[in-house]
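Rule-based calculations on the coordinates, nothing more; no lab input. Predicted model only: the values in this text are computed from it and were never measured. Here Cβ is always computed from backbone atoms with ideal geometry, including for glycine, and neighbour counts include all displayed protein chains.
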Amino acid sequence: MIRFGIGYDVHKLVPNRKLILGGVEIPHELGLEAHSDGDVLIHAIIDALLGAAALGDIGQHFPMTAEFKNISSVELLKRTCELLAAKNFSIVNVDSIIVAQRPKLAPHILSMRENLAQVLQTEFEAVSVKAKTEEGLGFTGTEQGIAAYAVASLEK
């Protein structure tokens, strides 16, 4: 049986924070404000994976408590994979989009895909990451924040 899930996340861009996307630190003057490291790409992927397994959402499993304050989203993704494995799910593929006006993300996409494939314990070809701008429109286009969308498929 193949199951699909959709994920979405958004965080505000602020000074004095690192910009981390797909577990990769991206050089930029702003970073994402969040309880964790703010990695919107991984957060969207987590929600897509949990949704495909009908296991709720990221907030249910990793609430805004002291335990998860400033935690790496890579660690949250690893824990999500453990939840999936305990329910006998395996990842078929993940497709994702990052929406950001700046910085240019194309030079970092390969590193993000490699990193995510390793954490997800799946083939590189099973992980897609794309980046889009919004031509100056909306909160992402005016550089107030970054959003990410993801779709995941699981097999049981």
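Working note: Debye formula, equal point scatterers on the alpha-carbon atoms of segment 1-66, no solvent; log10 I(q)/I(0) at q = 0.11, 0.27, 0.28 Å⁻¹ is -0.29, -1.13, -1.17. For segment 27-124, applying the loop criterion from DSSP together with a ceiling of 16 other beta carbons within 10 Å to the trypsin sites (Lys or Arg not before Pro) yields 69, 87, 104. Dividing the summed -39500 (n - 2.57) terms of all DSSP H runs of n ≥ 4 by the residue count of the chain sets its mean residue ellipticity at 222 nm at -8500 deg cm²/dmol. By the count of other C-beta atoms within 10 Å, a proxy for reagent exposure, 64, 1, 112 are ordered fewest to most as 1, 64, 112. Note on the chain: lysine pairs with Cα distance below 21 Å, sequence gap of 8 or more or different chains, count 15. Net charge in the neighbourhood of residue 94 (other residues with Cβ under 12 Å of its Cβ; Lys, Arg +1, Asp, Glu -1) is -2. A simple spin-label model places the labels of residue 1 and residue 57 2.4 nm from each other, with each point 7 Å out along Cα-to-Cβ.
This ranking places 71, 26, 42 by how few other beta-carbon atoms lie within 10 Å of each, fewest first, which gives 71, 26, 42. Full extension of the chain between residue 67 and residue 142 gives 23.7 nm of extra length, using 0.36 nm per residue less the Cα-Cα distance.
Taking Rh as the Kirkwood radius computed over C-alpha pairs, what is the Stokes-Einstein D of the chain at 20 °C in a medium of viscosity 1.002 mPa s, expressed in µm² per second? Answer, rounded: 140 µm²/s.
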